[in-house]
Amino acid sequence: MSGGEIAGLIFAGGFVLLVIFTAVPLLKLGRVLDETRTSIRDLNETVSPLLSELTETVSSANKQLAKIDIITENVAEVSSNVSSLVAVFSATLGSPLVKIAGLTKALRSTLLGKKK
């Protein structure tokens, strides 16, 4: 064997070792990609029902918010009605009641003052 043939054999052996050392990480990378593909497939299968359930939940929440909106409008109307009723009551009965209370206090203090 000549020196060139020996160098060729060494080069070929080194190349085989290089292929073996690069094949191991490539095989591991292939397994990682297979696991990733499986995980993504499982995720797609579970996300679809979750999204439909989320859509139903949001729809139900919107219906409840619409009901609450009607209730708050009714409460605002009732509170304005109560405010009007209080204004009417104080205008018609408030002033005379205050005068009667003042008169009662004056009579009371007068009568109690005479007893002392």
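Remarks
- Charge dipole of the chain about the Cα centre (unit charges at C-beta), most positive-ward option of THR36, LEU85, VAL75: LEU85
- Relative intensity of segment 34-109 on a log10 scale, I(q)/I(0) at q = 0.17, 0.22, 0.24, 0.26 Å⁻¹, equals -0.84, -0.97, -1.02, -1.06, per a Debye sum over C-alpha point scatterers of equal strength in the absence of solvent.
- 0 to 90° range, to nearest 10: angle between helix 95-115 axis and the chain longest Cα axis: 60
- Förster radius 41 Å - calculated FRET efficiency between LEU27 and ALA7 (Cβ-Cβ, nearest 0.05): 0.85
- Maximal additional length on extending the GLU35-ILE20 stretch stands at 3.1 nm, based on 0.36 nm per residue less the C-alpha distance.
- Spin-label pair GLN64-LEU107: with each label point 7 Å from Cα along the Cα-Cβ axis, the two points sit 5.9 nm from one another.
- Here segment 14-78 is treated with +1 on each Lys and Arg Cβ and -1 on each Asp and Glu Cβ, and its dipole about the Cα centre works out to around 520 debye.
- The chain: angle of helix 3-89 to the longest principal axis, Cα-based, in degrees nearest 10: 10
No lab work stands behind these numbers, since they all come straight from the coordinates. For clarity, every value in this text was computed on a predicted model and none was experimentally measured. Using ideal geometry, Cβ is built from the backbone for each residue, glycine included, and neighbour counts are taken over all protein chains shown.
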